[in-house]
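Peer 1: One structure, as structure tokens, below. Some questions next.
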Amino acid sequence: MCSLKELGLSDNKLSGQFSQVIQNLSWGCVVNSLEVLYLHDNDFTGPVPHLGGFSSLEELQLDVNRLNGTIDKSLSQLSKLESLSLDGNSFTGVISETFFSNMSNLQELVLADNSLTLKLSNNWVPPFQLKWLSLASCKMGPHFPKWLQTQNQLVHLDISNVGISDTILIGSGICPVNSLT
């Protein structure tokens with residue numbers, strides 16, 4: 001299995017500690033070859049363990065499980081990551097701009113429906129250009145995030161229920177947005 005590039009086990013009834021799944025994948029050479037890991041819509045539990053060894057990973061979909069805890073900082077070491085989907089879990093904690101500093105290839109970011117807080121400075125310029133962004137129910141207000149003005153490739157933006165009580169900046173640098181919820 002040393003040439004395994006994609007592993008899709010989504011939409012099953014798989015359960016158990018997520019750290020055990022990663023430990024099993026980390027054994028041997030799969031850790032070096034794996035580019036796509038789809039484990040969404042299962043029943044995995046626990047925190048996300050250290051994933052820094054998966055240096056080839058481009059897509060990581062762990063949404064709709066029962067994962068919890070803070071998002072491990074090793075995810076920020078995955079410089080080839082294009083798609084990160086962690087929505088519908090029970091993650092907590094603060095995500096700052098340093099978390100994204102090595103993610104210049106990121107195009108899809110889905111963190112919705114977790115208890116996460118995004119602490120990003122007013123003048124932050126992300127190293128990526130997103131096409132898909134869903135942060136619904138994360139905390140990021142009260143001001144409209146100015147960094148969104150730098151994202152000129154967005155086709156989907158969901159920042160509902162994030163605590164914004166400010167003037168909306170849609171049309172001032174982030175359009176065209178094809179889907180805004």
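Peer 1: Report whether or not Trp132 is among the aromatic types (Phe, Trp, Tyr) and within 11 Å of the chain's Cα centre (by Cα).
Peer 2: Yes: the conditions hold for Trp132.
Peer 1: Let me ask something else. Residues that are in a loop (DSSP other than H, G, I, E, B) and within 15 Å of the chain's Cα centre (by Cα): does segment 18-37 have at least one?
Peer 2: Within segment 18-37, not a single residue is in a loop (DSSP other than H, G, I, E, B) and within 15 Å of the chain's Cα centre (by Cα).
Peer 1: When the residues of segment 95-116 are filtered to those that are β-branched (Val, Ile, Thr) and under 13 Å from the mean Cα position of the chain (by Cα), which remaining residue is farthest from Glu35 (Cα to Cα)?
Peer 2: Here the answer is Ile95.
Peer 1: Now a separate question. Counting only residues that are among the basic types (Lys, Arg) and at pLDDT 95 or above, which one in segment 55-81 is most open to solvent (accessible area, probe 1.4 Å)?
Peer 2: Checked segment 55-81; the qualifying residue most open to solvent (accessible area, probe 1.4 Å) is Arg66.
Peer 1: Filtering segment 17-54 down to residues that are closer than 22 Å to Ala112 by Cα and β-branched (Val, Ile, Thr), which residue is surrounded by the most Cβ atoms within 10 Å (Cβ to Cβ)?
Peer 2: Val48
Peer 1: Could you please find all residues in segment 1-16 being surrounded by 14 or more Cβ atoms within 10 Å (Cβ to Cβ) and outside any loop (DSSP other than H, G, I, E, B)?
Peer 2: Within segment 1-16, Leu7 is the sole residue that qualifies.
The values are calculated or read from the model by the stated rules, or taken from the named source; none is laboratory data. Keep in mind that what you see is a predicted model, and the values were worked out from it rather than measured. Backbone-built Cβ (ideal geometry, glycine too); neighbour counts: all protein chains shown. Quick note on the areas: whole protein, heavy atoms, side chains included, nothing else; ligands and nucleic acids left out. Shrake-Rupley method; radii C 1.70, N 1.55, O 1.52, S 1.80 Å.
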